[in-house]
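Take a look at the structure below.
The values are calculated or read from the model by the stated rules, or taken from the named source; none is laboratory data. Quick caveat: nothing in here was measured; it's all calculated off a predicted structure. Here the Cβ is made from the backbone with ideal geometry for all residues, glycine too, and neighbour counts use every protein chain on show.
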Amino acid sequence: MKRAVRLSELAAAVGVELRGDGLLEVTGVSSLDDICAGEVGYVAAAPKIGVAVASPAAALIVSRKMADHPELTGKPLLVATDPKLAFARTIAFFHEPPYLPRGVSADLVAGDNTVIGQDCSIHPRVTIGAAVRIGDRVTLHPGVVLGDHVEVGDETILYPNVTVYDGSIIGARCRIHSGTVVGADGFSFTPDENGRQFKLLQVGRVVIEDEVEIGANCCIDRAGFGETRLRRGVKLDNLIQIGHNVEVGENTVIAALAGFSGGTKVGRSCIIAGQIGTNQHITIGDGVIITARTGVTKSVESGRLVGGMMPAMDYQQWRKSQVLYGRLPELFERLRKLEEKS
């Protein structure tokens, strides 16, 4: 059943300015393509204003710059400094269900000296090792496996078939999606006298700080020695490889199919697009933006925007080189004619 709330209540909860009838009731939020009567829509850019006005939306989330547009006169508005953030909070307001603990399944397999906090939701077919510490209001979905000496912080959610190897630490309010493996061995071998690969045992651990979200089917390898660490607020897309002893800084976001070789250090608040790869033991500074399919072979200074297949270079230089690359046949032909004349 849809939940009806007054627009004034929604504006206060989301933290935006209300322009219009605060007593108007709204029942949900949606994109402009799918919006129904009574719902709130989000106008991402000025060209969408006409579509928004023609839609059955009861109210619109807009930027401050857009709020005075003449086409929006008389339309109930939720005016935000960051309208995308306001849209995200509105979705959460209507769709984030309240937490209701379901208790611990009777078929739980748990080792000795394991401590489970209050109000947890542990589904059937969960396996927990020895000396594990689980915080309050933790949710473990079916098929989750926690090794020995694992720690899971308050209000963290592990979705089906997440595997956490021995000694790994996961902070509070994290979300780890299905199929992800935390704490598997780092990839490290050396040839012996007969050319056979001899394994370097990985005796470190993985530490995931608070409020980290990890997508489906990611692999976070344990350190050889010391730690592989994802710092507070890191967000990983699906299918990402974090190698041994990698460190990812606070609030960095990484898109799918990225891979980080052992010892890579990534700074704070970076934006890293899909399919990038790094060399071992390089440093990527704070606030760096790396475009898709970039091969990062050397360290990158803070604040840089880099791109290019291999190796990474200044983004504007890479764009110019791509233009020249497309003109190479023409340029070679001109050079050939000049040589003929000479």
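In the stretch 140-161, the residue that is nearest to GLU213 (Cα to Cα) out of those that are in a loop (DSSP other than H, G, I, E, B) and within 17 Å of the chain's Cα centre (by Cα) is THR156.
Among the residues of the stretch 164-173, which ones are in contact with a Gly (Cβ under 8 Å, 6 or more places away or on another chain) and either over 18 Å from THR228 (Cβ atoms) or in a strand (DSSP E or B) (or both)? Of everything in the stretch 164-173, those that are in contact with a Gly (Cβ under 8 Å, 6 or more places away or on another chain) and either over 18 Å from THR228 (Cβ atoms) or in a strand (DSSP E or B) (or both) turn out to be VAL164, ILE170, ALA172, ARG173.
Residue by residue, here is whether (1) touching a Phe, Trp or Tyr at 6+ places or on another chain (Cβ under 6 Å); (2) closer than 19 Å to VAL138 by Cβ; (3) surrounded by fewer than 18 Cβ atoms within 10 Å (Cβ to Cβ) holds:
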{"position": "VAL162", "(1), (2), (3)": "no, yes, no"}
{"position": "PHE187", "(1), (2), (3)": "no, no, yes"}
{"position": "ASP192", "(1), (2), (3)": "yes, no, yes"}
{"position": "ILE214", "(1), (2), (3)": "no, yes, no"}
{"position": "GLY224", "(1), (2), (3)": "no, no, no"}
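Filtering ASP148, ASP136, ASP112 for residues that are charged (D, E, K, R) and either crowded, with 17+ Cβ neighbours inside 10 Å or under 19 Å from THR180 (Cα atoms) (or both) leaves a single hit, ASP148.
If you go through the stretch 289-300 one residue at a time, do you hit one that is touching a helix residue (DSSP H, G or I) at 6+ places or on another chain (Cβ under 7 Å) and surrounded by 12 or more Cβ atoms within 10 Å (Cβ to Cβ)? Yes. Here the condition is being within 30 Å of SER188 (Cβ to Cβ) and among the basic types (Lys, Arg); of LYS298, LYS320, it holds for LYS298 alone. When you scan the stretch 266-288, do you find a residue that is modelled with pLDDT of 95 or more, more than 23 Å from GLN322 (Cβ to Cβ), touching a His at 6+ places or on another chain (Cβ under 9 Å) and buried (at least 22 other Cβ atoms within 10 Å of the Cβ), even just one? Scanning the stretch 266-288 turns up no residue that is modelled with pLDDT of 95 or more, more than 23 Å from GLN322 (Cβ to Cβ), touching a His at 6+ places or on another chain (Cβ under 9 Å) and buried (at least 22 other Cβ atoms within 10 Å of the Cβ). Figure legend. Inter-residue proximity from the stretch 130-143: first residues under 16 Å from PRO97 (Cα atoms), second residues of a type in the set (A, V, I, L, M, F, W, C) and crowded, with 17+ Cβ neighbours inside 10 Å, beta-carbon distance below 6 Å, spacing 6+ or different chains. Indicated pairs: VAL138/CYS120; VAL138/VAL152; THR139/ILE157. Taking every residue in the stretch 321-342 that is part of a helix (DSSP H, G or I) and pairing it with any residue that is not aliphatic (A, V, I, L, M), at least 6 positions away or on another chain, the pairs with Cβ-Cβ distances below 9 Å are SER321/GLY308; GLN322/GLY308.
Elements of the type helices (runs of 4 or more DSSP H) sitting completely within the stretch 1-116 and holding at least 3 residues that are over 29 Å from the mean Cα position of the chain (by Cα): these cover 7-14, 49-54.
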